[in-house]
Amino acid sequence: MYRSKSNPQLVLRPQDLVVLLRLSLERQTPPTYAALGSELVLTASEVHAGLERATLAQLARKDKAGKAAVVRDALWLYVQHGARYSFPATRGEVTRGLPTGYAAPPLKEKIVQPNEPPPVWPHKNGPVRGAAFYPLYPTVPEAAMRNPALYELLALFDAVRGGSPRERAIALDLLQERLAA
């Protein structure tokens, strides 16, 4: 884990939140770092470093065997109150991509779609043209296409970090249900 000698302050990285959201889906023994890395299109060392940072930030904890688990209440509070300020939405031009935010499940069924290009994570194989909404980490579209439950969590998180107040409120309710389960 990199820490500057002049500034030893630990900083969470966007991929750390992706790893935590993915781990929040686990109810049993978590997958190995290599398996998580493969699924999230990250290296095992990136997953390990992210979980180390998350543990220091008290968003995860490790058992005696060294297996990491998400501290769901802490993650929920972080998503609710801080993550959108840590990882603000960055938008771009109209492009092909994978829908996110209000344009993706599960919000798609709860919010009337406006007459404007939907937010999309830019991706060459994306099924929709819309306004670029850059994902937390470049590998997010690939990971989301591999895991529909993770896709929903990431799309809800995007609604929190870049949606209207109404979208944020609905997304937070849905995220709370998923993180509490």
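Kindly check whether there is at least one residue in segment 143-154 that is of a type in the set (S, T, N, Q) and outside any loop (DSSP other than H, G, I, E, B). No, every residue in segment 143-154 fails to be of a type in the set (S, T, N, Q) and outside any loop (DSSP other than H, G, I, E, B).
Considering each residue of segment 153-177, count those that are under 16 Å from residue 70 (Cβ atoms) and buried (at least 18 other Cβ atoms within 10 Å of the Cβ), and give that number.
So the answer is 5.
Of the candidates 77, 51, 40, the single residue that is within 16 Å of the chain's Cα centre (by Cα), of a type in the set (A, V, I, L, M), surrounded by fewer than 19 Cβ atoms within 10 Å (Cβ to Cβ) and within 24 Å of residue 160 (Cα to Cα) is 77.
Yes/no per residue for (1) of a type in the set (Phe, Trp, Tyr); (2) touching a strand residue (DSSP E or B) at 6+ places or on another chain (Cβ under 8 Å); (3) at positive phi:
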residue: 16; (1), (2), (3): no, no, no
residue: 38; (1), (2), (3): no, no, no
residue: 48; (1), (2), (3): no, no, no
residue: 57; (1), (2), (3): no, no, no
residue: 63; (1), (2), (3): no, yes, no
residue: 78; (1), (2), (3): yes, no, no
residue: 95; (1), (2), (3): no, yes, no
residue: 114; (1), (2), (3): no, no, no
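Inspection of segment 94-103 finds a residue satisfying the criterion of being surrounded by 18 or more Cβ atoms within 10 Å (Cβ to Cβ), closer than 13 Å to residue 156 by Cα and among the hydroxyl-bearing types (Ser, Thr, Tyr). Close Cβ contacts (under 9 Å, 6 or more residues apart or on different chains) running from residues in segment 128-153 that are in contact (Cβ under 8 Å) with a residue 12 or more places away in the chain to residues that are buried (at least 16 other Cβ atoms within 10 Å of the Cβ) and acidic (Asp, Glu) comprise 133/158; 135/158; 136/158; 143/39; 144/152; 146/39; 147/39; 150/39.
Within the group 151, 134, which residue is closer than 19 Å to residue 91 by Cβ and aromatic (Phe, Trp, Tyr)?
Step by step, each of 151, 134 is checked, and only 134 is closer than 19 Å to residue 91 by Cβ and aromatic (Phe, Trp, Tyr).
FYI, it's all coordinate maths here, none of it is from the lab. Everything numeric in this text was worked out from a predicted model, so none of it was measured. Glycine also receives a Cβ, built like all others from the backbone with ideal geometry; neighbour counts cover every protein chain displayed.
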